[in-house]
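Here's the structure we're looking at; comments come further down.
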Amino acid sequence: MVSKSQWKRILAYFYMPVFFTIIGYIIIYIICLPVISTFLSIGSLVTGQDSSTFQTNITSIYDDQSPLLQSQKSVPLSSIEMPSFGSQYAQVSCQRIGLDAPLYWGDNSTILRNGAGQYIGSSLPGFERPILLCGHNVTAFLPLQSIEIGDQVSISTNYGTYTYEVVETRVADMNDTSAYDLSQNKEQLIMYTCYPFAFMGVTTQRLFIYGDRISGPDITGLD
Amino acid sequence: MAKKIKPTVNVFSILIAFLLSVFLSILCLLLGTYFGLFNKALLSDAMNKSAYYESVNSYTVEEVSDLLIPQGLDSSVLDNVFTLQTTYTEGKALLDANLNGQGYTVSTDNIQEKLRNNIIDYTSKHNLAMNSTISDNITYFSNQVCSIYVQNLTVPFLSYFAGIRKMLFQVMIIAIPVLTLLSVGCILLLIKLQNWLHRALRMIAYSFSATALMVSLLPCYLLITRTYTKINISPIYFHKLLTRYIGQSLMMYIYSSIVMLAIALFVIAAIYQIKKRLMH
């Protein structure tokens, strides 16, 4: 039979180490208090909510049967689903040259393997700002080698089809920042790809194609 | 009748026992860090078990494949260019050199030669004209591929490993003897303060148990919640290596706390034996 004092001694083997641990951690907390928030901020910068998957998820919000593809004069901003990075939101085509490629929001290597990509610092069709698209000259944008001034390029989205008439094409160096202006208050379609076509090796030149919008629904609610 | 212990002696004993647990905790943390976080064998093991070298090859192939498209080449030019044998040999040599604070240049001559031959075979199969511009382009491309390969093979931050390990060793040369002396001093003081040996040993058992708890609490939390797997670091093979390595390093702290707990249990057994002898 264990006596009361013996029980006390046995319990002490448990609560005394716990007591020491609590006091120890309190002292560490007090000492580290000035730097704890800094460490936690740095920690939150380098960690995520979940373990990373390291993949760009290629998804699609594009619906070629969308009722909004029927010609409408205007579309409210609230009805437009904004694409996330890596999602196909449109189809870019030009019948005369045989261009017909899925258009993705974003422009990393995974996206360009699947179709044409859009620089996310540019605007969506209908938003009255420049649209910058890119694609490989041996896959999605191969047909651009035949494009001419006057050709019509269409971008079909879930909220409407926008048509752009090619007004200019030029070859520029890939580092030439004057080749496009994303700050202009004009809806200009700019497509670019490596140049020349059917060239094996590294090329620093790019073919730029510029188009002005000629049709497509206006978006209401834009401020 | 047993002599009553003065309350001040009790309080002082508890204070010394607490200090002893702090000194032992710091000792365990230093040893755990040196034999865990800065353990060369652990890093090598983590690289082997996380399939690091195979992943470097497959990641390099994937990265280079994206460069092939605008070059007008296809993935067949990469056949047998990156072999596991070469990657393992060069990777191991690079790792050993970095861990020892030495420099090492990864040899890419074989890769360049194989890649160049594959591209030339490809051009002749597809009847593509070969001229000096294309030849220069092939050389430029091969150099680009080799630099990607070397970059992928190099473990980031490893160059700091040897330097920090050396600094830690310098700290340990001083800290371990000092902490050991302080711990022994606390133990002797506890024995001196108490009239009975088993009472002093009880305090010592509290200290060792507290050390086991203090040292294992945070590593256990990290191992159970796997917070360290949420580090945003790429590429994926480096993330796997780092999470495996951190996991194994945290286990070192757990092992040291198990040792402390074992000592505590031994001391408790000794207390039991002493009391039994006193009863008789």
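The values are calculated or read from the model by the stated rules, or taken from the named source; none is laboratory data. Predicted model only: the values in this text are computed from it and were never measured. In this analysis, Cβ positions are derived from the backbone assuming ideal geometry, glycine residues included, and neighbour counts consider all displayed protein chains. Each accessible area value is taken on the protein alone, full model and side chains, heavy atoms only, with ligands, DNA and RNA left out. Shrake-Rupley method; radii C 1.70, N 1.55, O 1.52, S 1.80 Å.
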Of all residues making up segment B:68-101, the number that are within 14 Å of another protein chain (Cβ to nearest Cβ) and of a type in the set (Val, Ile, Thr): 2
Condition check for residue B:73: outside the structural domain of residue B:248 (by TED's automatic domain parsing), open to solvent by less than 40 Å² (accessible area, probe 1.4 Å) and among the aliphatic types (A, V, I, L, M): yes
Qualifying residue in segment A:165-173 (condition: touching a strand residue (DSSP E or B) at 6+ places or on another chain (Cβ under 8 Å), assigned to a loop (DSSP other than H, G, I, E, B) and either under 13 Å from residue A:92 (Cα atoms) or in the same structural domain as residue A:102 (by TED's automatic domain parsing) (or both)): no
Answer residue from segment A:79-93, given it is of a type in the set (Ser, Thr, Tyr) and either assigned to a strand (DSSP E or B) or outside the structural domain of residue A:148 (by TED's automatic domain parsing) (or both) and is nearest to the chain's Cα centre (by Cα) among those: A:87
Output for segment B:138-188, where each listed residue is within 14 Å of another protein chain (Cβ to nearest Cβ) and of a type in the set (Ser, Thr, Tyr): B:139, B:140, B:142, B:147
Options A:125, A:143; residue that is in the same structural domain as residue A:213 (by TED's automatic domain parsing) and in a helix (DSSP H, G or I): A:143
Positions within segment B:30-70 being of a type outside the set (D, E, K, R), open to solvent by less than 40 Å² (accessible area, probe 1.4 Å) and free of Cβ contacts under 8 Å to residues at least 12 places away in the same chain, in sequence order: B:68, B:69, B:70
Identity of the residue in segment A:147-162, hydroxyl-bearing (Ser, Thr, Tyr) and open to solvent by less than 20 Å² (accessible area, probe 1.4 Å), that ends up farthest from residue A:81 (Cα to Cα): A:162
Scan of segment A:188-204 for residues that are open to solvent by less than 20 Å² (accessible area, probe 1.4 Å) and more than 10 Å from chain B (Cβ to nearest Cβ), ordered by number: A:189, A:190, A:191
Yes/no for residue B:269 being open to solvent by 20 Å² or more (accessible area, probe 1.4 Å), without any contact (Cβ under 8 Å) to a residue 12 or more places away in the chain, within 13 Å of chain A (Cβ to nearest Cβ) and of a type in the set (Gly, Ala, Ser): yes
Residue A:96 open to solvent by 30 Å² or more (accessible area, probe 1.4 Å), assigned to a loop (DSSP other than H, G, I, E, B) and not acidic (Asp, Glu): yes
Verdict on residue B:117 being of a type outside the set (Val, Ile, Thr) and either farther than 30 Å from residue B:95 by Cα or free of Cβ contacts under 8 Å to residues at least 24 places away in the same chain (or both): yes
Unique match (being away from chain B (no Cβ under 14 Å), out of contact with any helix residue (DSSP H, G or I) (no Cβ under 8 Å at 6 or more places or on another chain) and outside any loop (DSSP other than H, G, I, E, B)) among A:75, A:153: A:153
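Rundown of residues vs (1) at pLDDT 95 or above; (2) open to solvent by 20 Å² or more (accessible area, probe 1.4 Å); (3) on the phi < 0 side of the Ramachandran plot, yes/no style:
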{"position": "B:200", "(1), (2), (3)": "no, no, yes"}
{"position": "B:218", "(1), (2), (3)": "no, yes, yes"}
{"position": "B:228", "(1), (2), (3)": "no, yes, yes"}
{"position": "B:242", "(1), (2), (3)": "no, yes, yes"}
{"position": "B:252", "(1), (2), (3)": "no, yes, yes"}
{"position": "B:261", "(1), (2), (3)": "yes, yes, yes"}
{"position": "B:275", "(1), (2), (3)": "no, yes, yes"}
Verdict on residue A:181 being open to solvent by less than 60 Å² (accessible area, probe 1.4 Å) and away from chain B (no Cβ under 14 Å): no
Segment A:183-223: number of residues that are over 21 Å from residue A:140 (Cβ atoms) and part of a loop (DSSP other than H, G, I, E, B): 10
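Does residue A:212 satisfy the criteria of being at pLDDT 95 or above, surrounded by fewer than 16 Cβ atoms within 10 Å (Cβ to Cβ) and either more than 21 Å from residue A:107 (Cβ to Cβ) or over 26 Å from the mean Cα position of the chain (by Cα) (or both)?
It is true that residue A:212 is at pLDDT 95 or above, surrounded by fewer than 16 Cβ atoms within 10 Å (Cβ to Cβ) and either more than 21 Å from residue A:107 (Cβ to Cβ) or over 26 Å from the mean Cα position of the chain (by Cα) (or both).
Hey, can you tell me all the residues within segment A:99-122 that are within 11 Å of the chain's Cα centre (by Cα) and part of a strand (DSSP E or B)?
Once the filter is applied, which keeps residues that are within 11 Å of the chain's Cα centre (by Cα) and part of a strand (DSSP E or B), segment A:99-122 yields A:104, A:105, A:106, A:117, A:118.
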Search result, residues across segment B:186-230 that are under 18 Å from residue B:15 (Cα atoms), touching a helix residue (DSSP H, G or I) at 6+ places or on another chain (Cβ under 7 Å) and polar (S, T, N, Q): B:194, B:207, B:209, B:211
Of the criteria (1) within 10 Å of chain A (Cβ to nearest Cβ); (2) more than 17 Å from residue B:23 (Cα to Cα); (3) under 21 Å from the mean Cα position of the chain (by Cα); (4) crowded, with 18+ Cβ neighbours inside 10 Å, which one residue B:235 fails: (4)
Residue within segment B:12-22 that is open to solvent by 20 Å² or more (accessible area, probe 1.4 Å), in contact (Cβ under 8 Å) with a residue 60 or more places away in the chain, at negative phi and more than 14 Å from chain A (Cβ to nearest Cβ) present: yes
The lone exception for residue B:180 - which of (1) assigned to a helix (DSSP H, G or I); (2) more than 26 Å from the chain's Cα centre (by Cα) it fails: (2)
